[in-house]
Amino acid sequence: MTRHVGRLCLSTAVLALAAGAPALANGYTQAPMLDARVDAGELPPAEERMPAEPLQLEAPEVGTYGGTWRSTLKGNNDEGWIRRSANYEPLVSYTFGWDGVVPNIAQSWDVNEDATRFTFHLREGHKWSDGTPFTAEDVVFAINDVINSDSFPGERPPALLGATASAPDAQTVVIDLPVPHSLFLEQMASVAGPQVVHMQKAFCSQFHPDYNPDAEKNATDAGLSGWGEAMMLNCGVRRNRNAERPTLAAWIQQVDYDGINTPVSFARNPYYFKVDQDGNQLPYIDTLSMTQVEDANSIVLMGIAGEIDFTNRHIDNVANKPVFFDNQKKGDYKIYDTIVADMNTAIIQLNLNYDDDGFRELFQNKDFRIALSHGIDRQEIIDVVYAGLGEPYQAAPRPESPFYDEELAKQYTEWDPDLANRMLDGIGLTERNGDGIRLLPDGRPISIRIDTTTDLGTYLDILELVALHWEEIGIDLDVRKAERSYVYEQKDNNRHMAHVWKGDGGLGDAMLDSRYYLPMHDESAFALRWAMNWKDPNNATRQDPPEEVARQLDLYKKMYEAADPAERDELFRQVLEITRDQFYTIGVSLPPSSYGIASNAMGNIPENQPHAWIYPNPGPMNTSLLFKRQ
Amino acid sequence: MLQFIANRILTMIGMTLMLSFVCFFIIQLPPGDVISAYAAELAAAGDSSGGQMEEMLRERYGLNQPFVVQYLKWLRNLLVGDLGYSFNLSKPVSEIIESRIGISLLVEMLAITVLWAIAVPIGIYSAVRRYSVGDMFATVFGFIGLAVPNFLLALLIMYLVYVFTGTAVEGLFSAEYANARWSLGRILDFLSHVWIPVVVIATGGAAPIIRVLRANLLDELNKPYVVTARAKGMKESRLIMRYPVRVAMIPLVATVGWVLPTIISSSIVTAIVLNLPTLSPILLRSLLSQDMHLAGALILFMGILTLVGTLVSDLLLAWIDPRIRTGMAT
Amino acid sequence: MSRDQDMTRTDTADFEFAPPAPVAVSGTETQAQLIWRAFRRHKLAMVSLVVLGLLYFVALFAEVLAPNDPHEVNARYTYAPPQEFRLFDRDEDGGWAFRPHVLGYKVEVDQVALRRSFVPDPDKKIYIHLFPRTHETRMWGLFTIDRHLIGVDGRREVLFLMGSDRLGRDLLSRLIYGARITLSIGLAGIVISLLMGVIIGGVSGYYGGLVDNVIQRIIEFIRSIPPIPLWMGFAAALPRDWSALQNYFAITLILSLIGWTELARVVRSRFLSLKSEDYVSAARLDGAGDFRIIWRHMLPAFTSHIIATATLAIPGMILAETALSFLGLGLQSPVISWGVLLQEAQNLRALADAPWLLFPGAFIVVTILAMNFLGDGLRDAADPYGDTQ
C-alpha cells in the first residue's frame, strides 16, 4: 500500500488543489468522433460546450481518444456498477486516496463556523448533456422538491434530510442544515452524493406534481404507485432506468437499463466539464458497453477471454484469482490491486435482541461471546480460505486507519479451546448431551442456527470451519445456505439467531458506517432493536439499550454535531472504547488486498485504489481518464 | 369428438381459475416480499439498502394487505387483460413477455426439433439393433447427458469453447448484433451462439426419449404380428415403421404436450448459465424476488400451456391409436 | 392382434397361482428360477449387478472403507490433486517389492495467484498399510473404530487418492460417505412415485369414464403448477427447526408426489389401448377380478416401459438435490452426497484448476448405467419372447 489513507479533512484548504485551466482558454482539443458534428453545426465548438473554467485533471498518462470500455452488469439491479463506473460525478468528490474532498462539479465551497450552512459555487457555463445550462436551480429542485419529499421512495441521502437549499444566483447553491453536521462534505462526496446533481429540473419536473399537474395520474396510469416512484425510476441514482435523462457525467446512457436490453451502452457526453493537462476534453473513451449477465461465472469467463476491459465487480473473490492469474496471457489482460476498506472477512453476530429468552440471555453474556471467539482457529481459516493472507482480527478499524486500536482489533483472537471450555464451564454451561453439545439451563442444546446467502461463497467456507472449531468446545453451529431474500427477511424481522456479513467501516467509512461499532444501522444485525434508537426512535420495535450502549449512542450523536475535527475524532475514539468493552460481535480476519482485471490495452488503470461502498471504486479515480491504446 | 373438446375446454377454464389462486398462493408462501428481496439483492452486491423506501413502497403496492385482497385485485385486473406491473423490472408485465416470447419460442422450438430429430431415430435404431455397438454408444452417451446436470454441462461446454478458441460464448448474440435488426449477419451470429443451448437441452433430454422408445419398441418387435408380417416377406423398414413404432410412440405422445410450457421454463438453469435472453431467467428472477405480478403471469401462462398441451396430447393419442378413442368415449 | 400371444401371456401369468400346473418349461424350475437363468446369460447385466452390489457394500461399510475422516480439514492441502499411486517400490538391495505407496507433495503457497502449488516429491514415499490405526469413527453410530481398510502411518502424512477439495478434505472419503445418502433417499422417492403412478394410472385407464376424467384433471392440475415455485413454496413451508437432512427427505417425498403424474399418464394411455385386447376381455369373462386383471394381465404387457421409466428417474432424483441446492433448498454441508459434491465442482475455478472434483459425476454416471443395464437384463429375462432373437 503506497498511499496513506488518512482521516477525512473538513477544510476548504483542499481548494488549493482545484486548478482551473485559464491558460488553455481557447486551446481545447476534442474527440475526433465529435468533429463531424461540430463541422455540420450540430454541436457548438468545444470551448462553448465546456464551462468557462473546466476542471483540469492531471492524467498519469495523457491518453488517446476512441475505443469502447466493455464491462458487465449482473442481473437487473446492478445500478451499483453504473454508479461506480460511469456516474460518479458529485458536487465534491473524494480524493483518490480517500483522505479528503476535492472540487468536482462545484468549483469551490464555503462552510460556516458551526457547520450548518454549506455554500457551493458552480462553474459558469456548465451545461447538461442536451446543451442547456446547468444551474443552482437544478440542485435546489433535487434537494427541496424531491429528496425532501416523503413521496420519493428513491435513495435519500440521510445528510440531506431536513436540509433546505436556495439559489442566490445561478452559480451559487446554499444548503442549510437543521443540525450541525461535521461530516457533511464527506457525505456529499460519497456514493449517495451525485443524487443532488442527477436531476435536470427541466426534464425531471415533468414527474413532479408541483410542476406538472398530471404527474400523479401519468404515474398511476403507467402502473406505478405514484409520482415518487416515477421520479425514482427516471431521475433517481438508484434504478435510473431512463436513458433520456440529460446528464453531467462523462458518458450518456443510450438504452434503458431495464433487465431486458443488453448490452447497456453509453456514448461520450460532448458537454463534459473536465480536461486533461494538455487541454484535451475528457473522456478519452468514446463508448461504454455493459453486457447484462445472469451468473457471475459468465463474467469470469468473459474476463479470461479478454472480453472485458476493466472491472472488479462481482469477480474479485479469492476463488477466482487463480483462474484470472493463469489466463492473463491468453486473454491479454492484467490483474490490478485494490485496497479493501473492509476490516474483516466475516463478522459473526449473535443476535443480542433475539426473542427467545434462554438464548438471548446467553448471547448477551459477554463471557460467552469471548469464549466463542477463543474457540475459533483463525489461522486455519486464513490458511484454508485466503492462502495464508491476512491476520486474526476483530471488528475494529484497519491498521491504516487513524482510529486503529490494537486492543480492539486483537482482543480474544488467540485460539485457545481449553480457555474457551473453561470459560463456558465457568458460566454454568456444564451439562452436555450425547453428542457433546452443551445444554442451556432449561435443557435445550446450544445449537446456533446461522443462515447465509448462497451467492457469496467465502462466508460458507469460513462458517463451515468455525462450526468444526466450535464443535470442540461443545457448541453446535448449524450453518444453512439459504436464498438471500430469505436471509434478509429473517434478519429484517429480527428472527435471526445469528448473522454473518463482511466488515464494512474499516477505513474512511469508519465514522459514517459504524454498523459494527455500535447499533446504528440496518446491518447492525447483533442488535437491530437497539439500533432503532438511532435510526428510527418512533419505531414500535425499538428497545431501550443498556446504559453503556445508550451512552455510546449519545457520544456518537455528539460526534456528528461536533464542528471541530479534533473534537469529533476524540468523540469517535470514545465510541470505540465502548465497542471494545462491549465486544458485540466476533470477527475473523483482516481481508487481504483485492483485485480487478484490466485489458492490457487500457491506460491509466488505478493501482491500489480503496474499495468500499461509500467510496465507489473506481469512480473517484475519474474514469474519464481511462483510455484505450489503439 | 367436438363435444369432447368442448367439455375439456370448459373444464380448462375452471382449472385455470383454480390454478391462478394456487399460483398466487405459492408465490407469496416464502417469507418476505418483492421489496425485501430487492433490498437483499442490493445488500448482496455490496450496496446498502435505502431504508425508508421499503415501507413506503410496500404500503403503496398494497403488500401489507391480506393475501386474499391482493389476489382478488390481481384477478380482477387479469380479467380485464391487465397483467400488472413488474416492480423489479419497472415495466408492465405484458411488455416484458412480449419482448422475450419470440426469442424464447425460437430457441426452445429449435432445441426440441433437434432433440426429437436425433432421439427418435436413435431410439428406433437402438431397439432394432439391440446390443450393437451403436446401441451401447447411444445408451452410454444418453445417460451421460442425463447424469450430468445441465448447469455443469453448459459451463463445461462454455469453458471448453474458451480453451480451444479463446472466446467466451455468451447469450444468443454478440454485442454488435444484440440490438440490431435481423439480417444475414445476425442469423449467422445467432447460429454461432444458439448451438450451445441446443446441445445442452438436447443431451439432457435425449436419454428419456431414446430409452422409452427403445423399451416399448422391444416389447412390440417380438410380438407375433410382427413375426408373422416378417415371415410373409414384408419389407423390414416398412414393417417396423408402420406398426411397432406407432405403438411404441404412445407413451411419448402421452406426455409430448407437456413440451409446451417448456417454452418458458424448460431450461431455467441452462438459460441462466448461458445468459440466454429468454423468458427463463426472467421467471427465475421474478420468483426469487417474489415479483408477484410477473411471476404470477408467467406461471399462469405456463399452467395454461400445460393444460393446452395435455389436450393436444390426448387428441394426438386418439388419432394415433383408435383403441384409445373408444376408451375415452366410455 | 394375434390370439396366440394373449394365450401365452395368460398361461405364464397363471403359472405361479397354480403350482401343480401340468407342464412347466423344464419340470422343476419356478418362474423366478427361469428368469434368473436367463438373466445370468446377460453378461452386461451381471456385471452391472456386481457393480451395484459393490456400491451398496461401500455405502454400508463407509466407516471402514474410507481412509480419512470426510469432514477433516487440512489447511495445507486445499485443492490438492490426486496423488501418484504406485504398487511397487525398490527395497534396500535394489530389487522390486510390492509396497503400495503414494508420492507426497512439496507444497508452496503462491500468494499472488492465491493458491497452493503441489509438486510430487519422488523422495517422499507414503506407504499405504492395511488396517492401520488412524482416526476414530463411530461405526453406524453404535461403536467406535479406529482402524480402517487402508491408511498411512503418522499424523503428518496425508493420503489423497482422488485429490482434495477447497477445504483440503479427502474427496475419496467424501465420495464413499456420499454414496450412502445418494443410494438410499433418492431411490425411496422413486419407489413411491412408481407405485403411485402405476396404481393411479392403471385405475384411470382401466375404469375410464368419470374416474378417468377426475384423475386426469387432477394430474393436469398438478402438472400445470411449474415445479420451481412449488419447491420454493414447500421449502418455505417446512418447519425451520428441521435439520438439512430432514428437509431434504421431505422435499424428496414432495418430488415423488409430483413425479408419479408422468408415469400415470403413460400407464393410463396404455391401459386404454390394452383393455380392448382379446386376452383382457377373456380374463374378464373368465371371472377374474379387476385388480387381478390389472396386475397379472395388463401390467406385464409393458414392464419394459416401467423399468425404463424407473431407471430414467434415478438420475433425476440424484440430480434433483443439485437442482434444489441451486435454489438453496437441497442437501448441504455437512451432509455429504454425490449431488452435494458435484455441486462444488460447478464453477470455473474447479473446471479450470481442479478437474478431479468432477469425479462424483463419473460415479453418478456409472451408477445410472449399471442400474439401466440391470433393468435391461431383467426385462430381457422376463420377456418370454426374448429367446427368439
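What follows is calculated from the coordinates using simple rules that are stated; it is not laboratory data. Predicted model, so just to flag it, every value in this text is computed and none were measured. Using ideal geometry, Cβ is built from the backbone for each residue, glycine included, and neighbour counts are taken over all protein chains shown.
Taking amide H as placed 1.01 Å from N in the peptide plane, A:Asp130 has its amide H under 5 Å from the amide H of A:Thr247, each at least 5 places away in sequence or on another chain. Computed on chain C, with alpha-carbon pairs under 8 angstrom and 6+ residues apart, the relative contact order is 21 percent. For each pair in A:Lys201/B:Lys91; A:Lys491/A:Lys558; A:Lys502/A:Lys628; A:Lys274/A:Lys535; A:Lys410/A:Lys481; A:Lys329/A:Lys502, compute the distance between the two Cα atoms and list the pairs where it is over 27 Å. Long pairs (Cα-Cα over 27 Å): A:Lys491/A:Lys558; A:Lys502/A:Lys628; A:Lys274/A:Lys535; A:Lys410/A:Lys481; A:Lys329/A:Lys502.
For A:Gly603, the residues whose amide H sits under 5 Å from its own are A:Phe627, A:Lys628, A:Arg629, ignoring neighbours fewer than 5 places away on the same chain, with H placed 1.01 Å from N.
What are the trypsin sites (Lys or Arg not before Pro) within region A:578-630 that DSSP puts in a loop, where the Cβ has at most 14 other Cβ atoms within 10 Å?
Working: sites: A:Arg580, A:Lys628, A:Arg629; in loops: A:Arg629.
Counting only loop positions with at most 14 other Cβ atoms within 10 Å, the trypsin sites (Lys or Arg not before Pro) in region A:578-630 are A:Arg629.
Could you give the angle, 0 to 90 degrees to the nearest 10, between helix C:31-40's Cα long axis and the longest principal axis of the Cα atoms of chain C? Once rounded, one gets 40 degrees. Averaged over residues, the count of other Cβ atoms within 10 Å places the peptides C:221-228, B:12-19, A:588-595, B:177-184 in the sequence A:588-595, C:221-228, B:12-19, B:177-184, highest first. Kindly flag which residue pairs out of A:Lys74/A:Lys366; C:Lys43/C:Lys275; B:Lys235/C:Lys275 have an alpha-carbon separation exceeding 32 Å in this structure. A:Lys74/A:Lys366; C:Lys43/C:Lys275, as the Cα separations exceed 32 Å there.
Taking 0.36 nm per residue of separation and subtracting the current Cα-Cα distance, fully stretching the chain between A:Ala170 and A:Glu472 would add 101.9 nm. When DSSP beta bridges are restricted to pairs lying wholly in the protein assembly as shown, around 75% turn out antiparallel. Computed over the Cα atoms of region A:293-448, pair by distinct pair, the Kirkwood hydrodynamic radius stands at 19.1 angstrom. Taking the alpha-carbon centroid of each part, what is the distance from region B:73-119 to region B:163-192 in angstrom? Region B:73-119 and region B:163-192 have Cα centres separated by 23 Å.
Could you work out the Rg to Rh ratio of the protein assembly as shown, with Rh taken as the Kirkwood radius (inverse of the mean 1/r over all Cα pairs)? Intermediate results must be reported in sequence, preceding the final value.
Numbers: Rg = 34.4 Å, Rh = 34.4 Å.
The Rg/Rh ratio comes out at 1.00.
For the peptide B:153-159, the mean number of other protein chain Cβ atoms found within 10 angstrom of a residue's Cβ is 5. Dividing the Cα radius of gyration of region B:63-109 by 2.2 N^0.38 Å, with N the residue count, gives 1.45. Per residue of region A:542-553, in order, report the coupling 6.51 cos²θ - 1.76 cosθ + 1.60 (Karplus, θ = phi - 60°) as ³J(HN,Hα) in whole Hz, putting x for Gly and Pro. Coupling constants for region A:542-553: 4, 10, 5, x, x, 3, 5, 5, 4, 5, 5, 4 Hz. Comparing B:Leu276, C:Pro226, A:Gly100 along the charge dipole axis of the protein assembly as shown, the residue lying farthest to the positive side is C:Pro226, per the Cβ-charge model. Calculate I(q)/I(0) for chain C by the Debye formula, one identical point scatterer on each C-alpha and no solvent, and give its log10 at q = 0.10, 0.11 Å⁻¹ to two decimals. Here log10 of I(q) over I(0) equals -0.83, -0.94. Once the Cβ-Cβ distance between C:Lys124 and C:Glu72 is put in as r, and R0 is 25 Å, what FRET efficiency do you end up with, to the nearest 0.05? Computed FRET efficiency for C:Lys124 and C:Glu72: 0.75.
Which of the lysines could a cross-linker bridge to C:Lys124, judged by Cα under 27 Å and excluding same-chain residues fewer than eight apart? Output for C:Lys124: C:Lys106.
Near B:Tyr85, the amide H atoms lying under 5 Å from its own belong to B:Val93; only residues 5 or more places off or on other chains count, and H is placed 1.01 Å from N. The convex hull around the C-alpha trace of region A:235-274, projected and averaged over every direction, spans 2.9 square nanometres.
When the dipole is taken about the Cα centre of chain A, and only Lys, Arg (+1) and Asp, Glu (-1) are charged at their Cβ, what size is it in debye, to the nearest 20?
820 debye
As a ratio to 2.2 N^0.38 Å, the alpha-carbon radius of gyration for chain A is 1.01. The angle between the Cα long axis of helix A:457-471 and the longest principal axis of the Cα atoms of chain A comes to about 10 degrees, rounded to the nearest 10. Distance from the alpha carbon centroid of region A:541-557 to that of region A:431-504 works out to 27 angstrom.
Hey, got the dipole for chain B? About the Cα centre, +1 on K and R Cβ, -1 on D and E Cβ, debye to the nearest 20? List each step's numbers first, then the result.
Details: 23 positive and 20 negative charges, 363 e Å.
Dipole of chain B, to the nearest 20 debye: 1740 debye.
Shielding of B:111-119 by partners, i.e. mean partner chain Cβ atoms within 10 Å per residue? Intermediate results must be reported in sequence, preceding the final value.
Numbers: counts 0, 0, 0, 0, 0, 0, 0, 0, 0.
Counting other chains' Cβ atoms within 10 Å and averaging over B:111-119 gives 0.
Simple spin-label estimate for A:Arg629 and C:Ile258 gives 5.4 nm between the two label positions (7 Å along the Cα-to-Cβ direction from each Cα).
Scaling against 2.2 N^0.38 Å puts the C-alpha radius of gyration of region A:344-587 at 0.99.
The distance between label points at A:Ala222 and C:Arg133 comes to 7.8 nm (points 7 Å beyond Cα on the Cα→Cβ vector). Modelled spin labels at A:Arg449 and C:Glu108, positioned 7 Å past Cα toward Cβ, are 4.8 nm from each other. So what's region B:98-278 giving for Rg/Rh, alpha carbon basis, Kirkwood Rh from the mean inverse pair distance? My calculation of the ratio gives 1.07. Placing unit charges on the Cβ atoms of the charged side chains and taking the dipole of region A:344-587 about its Cα centre, the candidate lying farthest along the positive direction among A:Trp415, A:Tyr386, A:Met511 is A:Met511. Distance from the C-alpha centroid of region C:128-184 to that of region C:190-259: 38 Å, rounded to the whole angstrom.
By how many nm would the segment from A:Tyr211 to A:Asn144 grow when fully extended, if each residue of separation counts as 0.36 nm and the alpha-carbon distance is taken off? Display every interim value, and only then the final one.
Values: separation 67, 0.36 × 67 = 24.12 nm, distance 1.32 nm.
Extra length from A:Tyr211 to A:Asn144 when fully extended: 22.8 nm.
Positive-end ranking of A:Tyr488, A:Tyr560, A:Tyr459 along the dipole of region A:344-587, with charges on Cβ about the Cα centre, is headed by A:Tyr488. Remark: the protein assembly as shown carries a charge dipole of roughly 5940 debye about the Cα centre, counting +1 on each Lys and Arg Cβ and -1 on each Asp and Glu Cβ.
Report the FRET efficiency, 1/(1 + (r/R0)^6), for B:Lys232 and B:Arg129, where r is their Cβ-Cβ distance and R0 is 30 Å, rounded to 0.05. With a Förster radius of 30 Å, E is 0.85.
Hey, what angle do you get for helix B:34-44 against the long axis of chain B, alpha-carbon based, 0 to 90 degrees rounded to 10? Tilt of helix B:34-44: around 90 degrees.
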